[in-house]
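The structure appears right after this line, and notes come after that.
The values are calculated or read from the model by the stated rules, or taken from the named source; none is laboratory data. Owing to the predicted nature of the structure, the values given are computational and were not obtained by experimental measurement. Using ideal geometry, Cβ is built from the backbone for each residue, glycine included, and neighbour counts are taken over all protein chains shown. Ligands, DNA and RNA are stripped out before the accessible areas are found, and what is left, the full protein with its side chains, is counted by its heavy atoms. Shrake-Rupley method; radii C 1.70, N 1.55, O 1.52, S 1.80 Å.
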Amino acid sequence: MNRDAIFIYSAELEKYQYPPEHPFNTIRAKRTLEVIKSMGLLSGPGRRMIEPRPADRVVLKKFHTARYLHALKTAAKGHWDTEALSMGIGTQDCPLFKGLYEYAVLATGATLVGAEMLLSGQAYVAFNPSGGYHHAGPEKAAGFCYINDVALACLILAEKGKRVLYLDVDVHHGDGVAYAFYDRCDVMTISLHQNPKTLFPGTGFEDEIGTGPGEGYCVNVPLPVGTYDQAYMKAFNAIVPPLIRAYNPNVIVFELGADALAGDPLANLHLTNNVYAEIVNHLLSYNKPILATGGGGYHIGNTVRAWALAWSVFCGADTGEDMDLAVGGVLLESTEWQGGFRDRRLAVSNSQREAVLPSIDATIKYIKENVFPVHGL
Ligand SMILES: [Zn+2]
């Protein structure tokens with residue numbers, strides 16, 4: 001089997017930027033590329049970069065309505081009206097900017113090229129850091145997202161008969177994807193995110209488990225404010241591996257938003273990027289093709305480093321944790337970059353544990369009681 005890891009990027013994407021005051025920064029993909037290139041992680045056998053092409057309109061219509069696509073395209077050209085606004089286009093979260101439509105279509109094309117390369121066996125891992133727009137709905141722009149590249153990728157993979165596992169570790173609920181497949185059992189969606197009582201989009205409670213044939217195939221893991229690495233991995237390990245093994249997917253779509261990292265200006269979890277490395281290693285252990293995308297991540301430096309770390313794990317270049325950082329029990333309260341891609345481990349206090357663990361335990365219990373039985377667990 002071809003084990004190539006493909007990084008998907010085009011300088012064309014650099015031409016487009018959200019307004020300067022907007023938290024979403026398209027420069028993160030370019031910076032990630034620069035970092036991995038400078039570390040020699042794009043050269044050598046089994047690693048390469050490919051250029052995306054814009055997604056076809058006919059493909060976009062598999063998820064979005066013609067009315068919405070028309071409004072998005074014309075609004076981006078300056079013909080913005082109340083109909084577009086009613087679909088979330090031109091709001092504070094989803095503003096109009098120059099080249100918006102071209103950007104969204106190219107960023108989506110990058111994810112879809114990755115899906116195609118997995119289907120054709122040309123790649124084993126494909127990573128599009130310019131993707132992961134998981135909040136967009138069929139007729140709705142939301143949460144900085146206009147075209148839902150990840151929902152489209154899942155749709156296309158499922159159309160080809162694949163059993164798709166969609167795993168979303170962005171700090172926000174992956175609502176657009178979860179609801180696209182809410183009544184289907186050929187795409188299982190698992191989203192770990194900050195408790196929706198305290199964060200956009202306000203959905204993704206553990207009792208949202210899918211409906212009809214999709215019951216038990218939508219999994220939500222809300223996490224309390226302050227969730228730290230060990231608590232996160234406790235929830236992950238209790239819930240995700242048993243479900244993946246029982247579901248036995250053919251392909252994994254992985255939305256790797258980096259806004260659950262400590263210090264993210266828009267959210268309140270307390271992770272280090274070691275969690276992402278652990279999850280990527282775990283996903284690789286299934287020996288299934290993986291389509292990974294970016295997503296949120298509003299501390300640019302931390303996000304770039306997390307994605308560079310994920311890439312280094314994908315292409316087998318991560319050497320594991322730098323144990324020097326914990327020598328002598330000195331764990332500094334800092335995610336400052338010390339040279340490698342991995343963050344320093346953050347110290348956890350007893351009061352943090354007490355604040356976080358009961359809620360995590362309750363969520364694990366709920367999912368074990370209400371979702372696991374569907375899968376014979
Ligand atoms: Zn997010």
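Counting alpha carbon pairs within less than 8 Å and at least 6 residues apart, what relative contact order, in whole percent, applies to region 197-281?
On the way: 66 pairs, mean separation 21.5, N = 85.
It rounds to 25 percent for region 197-281.
For LYS288, the lysines whose Cα comes closer than 19 Å to its Cα, not counting residues fewer than 8 places off in the same chain, are LYS160, LYS162. Name the shape class, rounded, prolate or oblate, that the alpha-carbon gyration tensor gives for region 172-240, where a ≥ b ≥ c are the square roots of its eigenvalues, rounded holds for a/c under 1.5, and otherwise prolate holds if a/b is larger than b/c and oblate otherwise. Because a/c hits 1.5 or more and a/b fails to exceed b/c, region 172-240 counts as oblate.
The GNM of the chain, with springs linking C-alpha atoms under 10 angstrom apart, assigns the highest mean-square fluctuation among ASN274, ASN25, ASN237 to ASN237. Overall form of region 59-181: prolate. Here a/c, set by the Cα gyration tensor axes a ≥ b ≥ c, is 1.5 or more, and a/b is the larger of a/b and b/c. Adding -39500 (n - 2.57) for every DSSP H run of four residues or longer, then dividing by how many residues the chain holds, sets the calculated 222 nm ellipticity at -11000 deg cm²/dmol. The Cβ shell under 10 Å around HIS135 holds other residues with a net charge of -2, Lys and Arg each +1, Asp and Glu each -1.
With Cα atoms defining each centre, region 146-204 and region 237-297 are spaced 13 Å apart in the structure. When the label point is put 7 Å from the Cα of ASP93 along its Cα-to-beta-carbon vector, which residues of region 200-219 have a backbone N closer than 19 Å? Residues 200-206, 208 qualify, since their backbone N sits under 19 Å from the label point. Among residues other than THR293 with Cβ under 14 Å from its Cβ, the summed charge is -4 (Lys and Arg +1, Asp and Glu -1). Computed over neighbours whose Cβ is under 10 Å from that of ALA238, the net charge equals +2, Lys and Arg +1, Asp and Glu -1. For a straight C-alpha distance cut-off of 27 angstrom, the lysines reachable from LYS98 (same-chain residues fewer than eight places away being disregarded) are LYS15, LYS30, LYS61, LYS62, LYS73, LYS77, LYS140. Here's the list of aspartates and glutamates a cross-link from LYS234 could span, going by alpha-carbon distance under 18 Å and ignoring same-chain residues fewer than 8 apart: ASP168, ASP170, GLU206, GLU278, GLU354, ASP361, GLU369. Its alpha carbons considered, region 134-184 gives a radius of gyration followed by a Dmax of 10.7, 31 Å. Take the chain with all the other protein chains still there, run a 1.4 Å probe, and you get 38 Å² of accessible area per residue.
Using Cα pairs closer than 8 Å and at least 6 residues apart in sequence, work out the relative contact order for the chain, in percent.
Details: 789 pairs, mean separation 63.4, N = 377.
It comes to 17 percent, rounded to a whole number.
The shape of region 75-122 comes out prolate: with a ≥ b ≥ c from the C-alpha gyration tensor, a/c is at least 1.5 and a/b beats b/c.
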